[in-house]
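Written below as structure tokens is the structure these notes are about.
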Amino acid sequence: MCNQCNYKSLLEAADLEATANRLDVLEVIGGNSYPLSAGDIHHTLKRRSGINRVTVYRILDLLVARGILDRISTGGRAFYYGMAPNKNHPRHPHFYCTRCGQMNCLTPDSLTVDAEALRKTFPGRIDKVEVRIDGICKNCMK
Ligand SMILES: [Zn+2]
Ligand SMILES: [Zn+2]
Ligand SMILES: [Zn+2]
């Protein structure tokens with residue numbers, strides 16, 4: 001859950017107009033405690049504003065490209081969206097249940113990867129380090 005991010009200033013800092021649809025998308029994603037699929041986001045918003053699916057996808061692509069949102073892969077065709085790391089959201093690993101498809105946020109210190117050590121020797125540029133743990137969640141274990 002987030003009540004610390006100012007979505008309007010996040011958009012403006014990325015040189016984007018704070019349109020009602022963009023703010024709605026950020027509110028749904030930022031207000032959720034785990035990452036959401038594009039379908040989940042559209043499902044929530046269509047009752048609120050009647051926004052169509054194509055517009056949701058376009059906004060998601062734009063906000064990922066501008067570094068406001070993170071697109072988290074499942075290793076398959078599905079993607080989930082969460083807030084990109086910022087001063088209120090430290091980078092953290094995710095857990096993906098391969099049985100029910102639920103993606104959960106883990107605490108930032110639950111598993112640390114020292115990308116700085118790699119950065120010192122890696123000859124190219126590292127833009128993003130994504131850590132996803134796959135397994136079976138506790139609900140599916142029952
Ligand atoms: Zn936030
Ligand atoms: Zn599960
Ligand atoms: Zn997360």
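In debye, nearest 20: dipole of region 93-142 around its Cα centre with unit charges on the Cβ of K, R (+) and D, E (-)? For this selection, approximately 180 debye.
Using a Gaussian network model of the chain in which every pair of alpha carbons under 10 angstrom is joined by a spring, one finds that among Gly67, Gly101, Gly50 the greatest mean-square fluctuation is at Gly50. Of the accessible area of the chain, computed with a 1.4 Å probe over protein heavy atoms only, carbon and sulfur atoms account for 50 percent. For the charge dipole of the chain, defined by +1 on Lys and Arg C-beta atoms and -1 on Asp and Glu C-beta atoms about the Cα centroid, which residue among Ser110, Leu26, Ile41 has the Cα displaced farthest towards the positive pole? Toward the positive end, the furthest listed residue is Ile41. For the residues Phe79, Phe122, Phe95, a GNM of the chain with alpha-carbon springs under 10 Å puts the largest fluctuation on Phe122.
About the Cα centre of the chain, what is the dipole size in debye to 20, counting +1 per Lys and Arg Cβ and -1 per Asp and Glu Cβ, all else neutral? Here the size comes out at about 380 debye. Pairs of Cα atoms nearer than 8 Å and 6+ residues apart set the relative contact order; for region 20-142 it is 22 percent. Phi-derived couplings, Karplus 6.51 cos²θ - 1.76 cosθ + 1.60 at θ = phi - 60°, listed residue by residue for region 110-127: 5, 8, 10, 10, 8, 6, 4, 4, 5, 4, 5, 10, 5, x, x, 10, 9, 9 Hz, with x used for Gly and Pro. By a 1.4 Å probe calculation restricted to protein chains, Tyr7 has an accessible surface near 30 Å², given to the nearest 10.
When both region 70-133 and region 1-43 are represented by their alpha-carbon centers, they are found 19 Å apart.
Overall, the ratio between the Cα radius of gyration of the chain and 2.2 N^0.38 Å, rounded to two decimals, is 1.10.
Per-residue accessible area (protein heavy atoms, 1.4 Å probe) orders Met83, Met103 as Met83, Met103, starting from the largest.
The values are calculated or read from the model by the stated rules, or taken from the named source; none is laboratory data. Being a predicted model, the structure only gives us computed values, none of them experimental. Here the Cβ is made from the backbone with ideal geometry for all residues, glycine too, and neighbour counts use every protein chain on show. The protein model used for the area step is the full one, side chains on, heavy atoms only, and it has no ligands, DNA or RNA in it. Shrake-Rupley method; radii C 1.70, N 1.55, O 1.52, S 1.80 Å.
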